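The values are calculated or read from the model by the stated rules, or taken from the named source; none is laboratory data. Keep in mind it's a predicted model, so treat the numbers as computed, not measured. All Cβ positions, glycine included, derive from the backbone under ideal geometry; neighbour counts span all protein chains shown.
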Amino acid sequence: MERYENVELIVRKIVPTLTGDADKDEDSFYAMANKYANHPRYGVICARLAKEYAGLVASRIASEQLCAPARGKSSRQRFPRADSYISSSSPEMEAAQMKYEIKHIGLLFAQNKIDWALHMASNLVEQIEKYEEFLLKEKKLRSRFYNELFEEILDPSQPDSETIVQTVDRPIPRVYYLCGSILNHQKRFDEAKIVLERGLKFNPADSDLLFEQIEAVRGMGDLELFEELTRKAFSVAFRARDIARCYRNLGDCCGAKRRFRAAVVCCSLGARYETNSETEAQIAKIAGGTARNTAPPDEGEIARYAEKYGIPLVPNERVVKLAAVYAQYHAEKKQSEEEKYFTDILENELKTSGPF
């Protein structure tokens, strides 16, 4: 008969390692708790931890584990719902609750607990949409969340005259990104595309959402839509890594259409913004073990192929102009921090500082 550690000894091991800061404790708490997942009194351990360590992390894990069905049954495990972020007493608590849920989902995904992660992500999406539907119907409000200032400036969406756009601190797009990523991981590309489209309503300039949607379309095998969305991503890409990814995706489109030299041109343009193993792998894929020409193109060849196939030679002109205008505006206002933000984007991300 297998022997198990005493519950009290386990609790005494775990409690002293916790600091009381939920963000700092979460990963270590889950790692330690999972060590004892097969303990016959695991529910008791969780309950004792929640009592000894009266923090958000322990309480939520305890409620999750205590609500789980008995071992040996094949039914799906139940999870705590995310309703609390809707009914929190303040916007700060709403944001903190959602960030906790996101971290929890990400951790489950990283631990390959895919069904758990998807269940929690889908549940949170459901709660978000229920709340947003209420805001729109009762208060004529539409929520937006931006990761940084320039995303808000580049947001191409135009609300109708009857609604007011409110910027919130709840990282709503991240929930949709996680849900879409999990669905992509499961090769449920049609479902992922739909979820990611809904997420983009909360931030049409969110690069993670855009590229995850593009990956869903790639998985669906819709080459034309893949190219359409890639060109659309160019219109809001302002980080070097995102611009490079746009070029790599466009290179994949050209390669799929057997425009191999145009694909090399795309790779070359993308390498001006970011060079990594993906760039090298893509060029090798283009070569495909044949005698195709993958030598770096000169400027003349780049210009010819760019004109022939509509390949952007530089990041979106509107993006560059807006960054330059805002950098100049804040310079004139002597707002050095804001000026530096836009100057850094111009010089270090867009790789330009020329007049526009």
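Of the helices (runs of 4 or more DSSP H) lying entirely inside the stretch 173-272, the ones with 1 or more residues being under 27 Å from residue 104 (Cα atoms) and either not assigned by TED's automatic domain parsing to the domain that holds residue 147 or not aromatic (Phe, Trp, Tyr) (or both) are found at 189-200, 207-220, 240-256.
Every residue, every condition in (1) farther than 26 Å from residue 275 by Cα; (2) surrounded by fewer than 20 Cβ atoms within 10 Å (Cβ to Cβ); (3) modelled with pLDDT of 95 or more, yes or no:
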| site | (1), (2), (3) |
| --- | --- |
| 192 | yes, no, yes |
| 199 | yes, no, yes |
| 209 | no, no, yes |
| 221 | yes, yes, yes |
| 228 | no, yes, yes |
| 237 | no, no, yes |
| 243 | no, no, yes |
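Evaluated against (1) touching a Leu at 6+ places or on another chain (Cβ under 9 Å); (2) within 24 Å of residue 143 (Cβ to Cβ); (3) in contact (Cβ under 8 Å) with a residue 60 or more places away in the chain, residue 198 falls short on exactly one condition, (1). With the condition kept exactly as written, say whether any residue in the stretch 173-190 is over 24 Å from residue 249 (Cα atoms) and buried (at least 20 other Cβ atoms within 10 Å of the Cβ). Looking through the stretch 173-190, at least one residue is over 24 Å from residue 249 (Cα atoms) and buried (at least 20 other Cβ atoms within 10 Å of the Cβ).
Any residue that is outside any helix (DSSP H, G or I) and either not polar (S, T, N, Q) or not assigned by TED's automatic domain parsing to the domain that holds residue 265 (or both) - is there at least one of those in the stretch 317-331?
Going through the stretch 317-331, the residues outside any helix (DSSP H, G or I) turn out to be none.
No, the stretch 317-331 contains no residue that is outside any helix (DSSP H, G or I) and either not polar (S, T, N, Q) or not assigned by TED's automatic domain parsing to the domain that holds residue 265 (or both).
Among the residues making up the stretch 135-172, those that are closer than 12 Å to residue 204 by Cβ, in a loop (DSSP other than H, G, I, E, B) and touching an Asp or Glu at 6+ places or on another chain (Cβ under 8 Å) are 145, 146. Checked against the criterion of being in contact (Cβ under 8 Å) with a residue 40 or more places away in the chain and surrounded by fewer than 16 Cβ atoms within 10 Å (Cβ to Cβ), the candidates 136, 149, 154 yield just one match: 149. Tell me whether the stretch 106-116 contains one or more residues that are surrounded by fewer than 17 Cβ atoms within 10 Å (Cβ to Cβ), closer than 30 Å to residue 339 by Cα, touching a residue at least 24 places away in the same chain (Cβ under 8 Å) and assigned by TED's automatic domain parsing to the domain that holds residue 234. No, the stretch 106-116 contains no residue that is surrounded by fewer than 17 Cβ atoms within 10 Å (Cβ to Cβ), closer than 30 Å to residue 339 by Cα, touching a residue at least 24 places away in the same chain (Cβ under 8 Å) and assigned by TED's automatic domain parsing to the domain that holds residue 234. Considering the stretch 158-195, the residues that are among the hydroxyl-bearing types (Ser, Thr, Tyr) and touching a Lys or Arg at 6+ places or on another chain (Cβ under 9 Å) include one that is farthest from residue 140 (Cα to Cα), namely 176. Applying a threshold of 6 Å to beta carbon distances and a minimum spacing of six or more residues, or different chains, the list of pairs starting in the stretch 215-238 at a residue that is touching a residue at least 40 places away in the same chain (Cβ under 8 Å) and ending at one that is among the aliphatic types (A, V, I, L, M) reads 236/154; 236/205; 237/243; 238/319; 238/345.
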